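Just so it is clear, none of the values below were taken in a lab; they were calculated from the coordinates. Worth saying up front: this structure is predicted, and the values here are computed from it rather than measured. All Cβ positions, even for glycine, are placed from backbone atoms using ideal geometry, and neighbour counts span all protein chains on display.
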Amino acid sequence: MSKRVVTLAHYYTQPEIQQMADKVGDSLELSLYAKECGADVIVFAGVRFMAETAKILNPQAEVILPASGSTCSLVTQTDVTALQKWREEHADYVHVSYINSSAEHKALSDWIVTSRNVDDIIASLYAEGKKVAFSPDRNMGAYLNFQYGYDMPLWSAVCEVHDKFNQAALDEAFAAVAGAKYLIAHPESPLPVLQQADYVGSTSGMLNWIKAFDKEPDAVIFVATEDGILYNMGLARPDLNIKQAPIYAGCQCNSCPYMKMNTIDAVKRAQAGEGTRIDYLSAEQMDSARLPIERMLEFSK
Ligand code: 13P
Ligand code: SF4
C-alpha cells in the first residue's frame, strides 16, 4: 500500500510552494493539522521547529523538512544550557515559551503558545495568580508587558526579520501617503512599531483583519511582517492597497531567509522521500515537549 504524503506550508513560503501544499496556515493551524491529518509522511515546508512540533504531535508519521538549514533566529539565539539556568533562577515562575523554540526548549517549558493564543493563555495564568516568565521572543514579551501591565522576566532573542522594522522608515512611508493609512503588525516586531499599529496579531489574525477591512476603500495598509503573507492578503482582498512595511526607505527586504529555503525542487524532493528526517528526537524528549504543547492545544479548542 502506498504511503499517504501530506504537504504543509506556512504562509511565509513563496506562492508556488503554497500551491504545492495540502494545507497552508500559521503555526497553530499547521500544528493542529499535523496532529490530526492521519498522514504516513508529513512534508513540512516551513522551518525546523515547525517540523519538530509536527513530529512531537504525530510521532507515528515520518516528518521531512525540505531544507536542512531552515532554522529560525529565535532558536539559534537561545542557548538551552543558559535557558535552563534562567529557568532555575526563576523557579517560582510558570515558564511560557513561544512555539518558535527547539524541542529541548519546549521540554523545559510549562506552556507553549503561538502568536494567536499568547494573550489569552498568559491572561488566564495571571488570573489564577501565577507569575509568568516568557521566552524566547523579547519583542513579543515586551509588547505583552506593555499592553497588559505585566512584569514578566524575558529571555532575549529576536526574530531577525521582524526586529528590523522601525519607526523612522514607517514615519517616512506614512508621510508619503496623503490619504488614509493603516499599519498592522506581527508581535515579533519591536515595541515602538507595535505601539503605532492599528492591529497587532498573528499571521492569521492579520489576514482576517484584511479580509474584514471595511474602512476607506482607497486606504494604504502597511503590513509589518514577513512578505509571504502579502500573497494571501492579495488573493483575499485584491481591491485593497496593501504594502509591505518598509525596513528602510526603498527596501522591500522583509523576507525570512529560512522560509525561503523551501524551493520547488527541495519540496518536490521531500515529497519523493528525500530531505531531512526529523528522526533525532528521543521518545523521552518528545514526551516532555508534548506536554506543554498539548496544554496549549487543549486551551485553544
Ligand atoms: P505565526 O505563529 O503567526 O504563524 O508566526 C510564525 C512565525 O515564524 C512568525 O515569524
Ligand atoms: Fe523565525 Fe523570524 Fe523566520 Fe519566523 S520570520 S521563522 S520568527 S526568523
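Viscosity 1.002 mPa s, temperature 20 °C: give me the Stokes-Einstein translational D for region 162-244 in µm²/s, with Rh taken as the Kirkwood radius over C-alpha pairs. Approximately 168 µm²/s, per Stokes-Einstein. For THR81, neighbours were defined as the other residues whose beta-carbon sits under 15 Å from its Cβ, and their charges (Lys and Arg +1, Asp and Glu -1) total -2.
Note that region 209-218 has calculated 3J(HN,Hα) couplings of 4, 5, 4, 8, 4, 9, 9, 4, x, 9 Hz, one per residue in order, obtained from phi through the Karplus relation 6.51 cos²θ - 1.76 cosθ + 1.60 (θ = phi - 60°); glycine and proline are x. Across region 292-298, computed HN-Hα scalar couplings (Karplus, 6.51 cos²θ - 1.76 cosθ + 1.60, θ = phi - 60°) run x, 6, 4, 4, 5, 5, 5 Hz from first to last residue, x flagging Gly and Pro. Dipole orientation for the chain: of the candidates VAL96, VAL75, ILE56, ILE56 has the Cα lying most toward the positive pole (charges on Cβ; Lys, Arg +1; Asp, Glu -1). Using C-alpha pairs under 8 Å with a sequence gap of at least 6, the mean separation divided by the residue count of the chain gives a relative contact order of 23 percent. Among residues other than MET20 with Cβ under 14 Å from its Cβ, the summed charge is 0 (Lys and Arg +1, Asp and Glu -1).
When DSSP beta bridges are restricted to pairs lying wholly in the chain, around 5% turn out antiparallel.
For PHE222, nonlocal amide neighbours, meaning residues 5 or more places apart or on other chains whose placed amide H falls under 5 Å from its own, are TYR182, LEU183, ILE184, LYS243. Mean separation of Cα pairs under 8 Å and 6 or more residues apart, divided by the residue count, gives region 82-172 a relative contact order of 24 percent. Within region 151-301, the proportion of C-alpha pairs whose separation exceeds 29 Å stands at 33%.
At a Cα cut-off below 15 Å, give the aspartates and glutamates reachable from LYS243, other chains included and same-chain residues fewer than 8 away excluded. Hits, sequence-local ones excluded: ASP171, GLU172, ASP198, ASP218, GLU226, ASP227.
Remark: for residue pairs LYS106/LYS131; LYS268/LYS301; LYS164/LYS211; LYS3/LYS260, the C-alpha separation exceeds 24 Å in LYS268/LYS301; LYS164/LYS211; LYS3/LYS260.
For VAL43, the residues 5 or more places off, or on other chains, whose built amide H falls under 5 Å of its own are VAL6, THR7, LEU8, ILE64. The protection proxy used here, the mean number of other Cβ atoms lying within 10 Å of each residue, ranks peptides 271-278, 161-168, 24-31 as follows, highest first: 24-31, 161-168, 271-278.
Of the residues ASP151, ASP287, the one with the fewest other Cβ atoms within 10 Å heads the list, and the complete ranking is ASP151, ASP287. Max-minus-min Cα coordinates of the chain on each principal axis give 58, 49, 31 Å, with the largest extent listed first.
A P(r) calculated from all alpha carbon pairs of region 1-71, with 10 Å bins opening at zero, reads 23, 60, 17, 1 percent. Here the Karplus relation 6.51 cos²θ - 1.76 cosθ + 1.60, evaluated at θ = phi - 60°, turns the backbone of region 101-110 into coupling constants of 7, 6, 4, 5, 5, 4, 5, 8, 10, 8 Hz, with x for every Gly and Pro.
So if R0 is 25 Å, what FRET efficiency would ILE264 and LEU235 give, r being the distance between their Cβ atoms, rounded to the nearest 0.05? Between ILE264 and LEU235 the formula returns 0.85. Ordered by the count of other Cβ atoms within 10 Å of each Cβ, fewest first, CYS159, CYS37 give CYS37, CYS159.
Charge dipole of region 162-244 (Cα centre as origin; +1 on each Lys and Arg Cβ, -1 on each Asp and Glu Cβ, all else neutral): 120 debye, rounded to the nearest 20. Summarising the label geometry, the points placed 7 Å from Cα in the beta-carbon direction at ASN208 and ASP22 lie 2.5 nm from one another.
Cβ crowding within 10 Å ranks ARG116, ARG4 as ARG4, ARG116, fewest other Cβ atoms first.
Could you check the spin-label model distance between TYR280 and GLU294? Points 7 Å from the Cα along Cα→Cβ, value in nm. Placing both labels 7 Å beyond Cα along the Cβ direction yields 2.6 nm. At the listed q of 0.09, 0.16, 0.17 Å⁻¹, the Debye profile of region 68-222, built from one uniform point per Cα, gives log10 I(q)/I(0) equal to -0.33, -0.91, -1.00.
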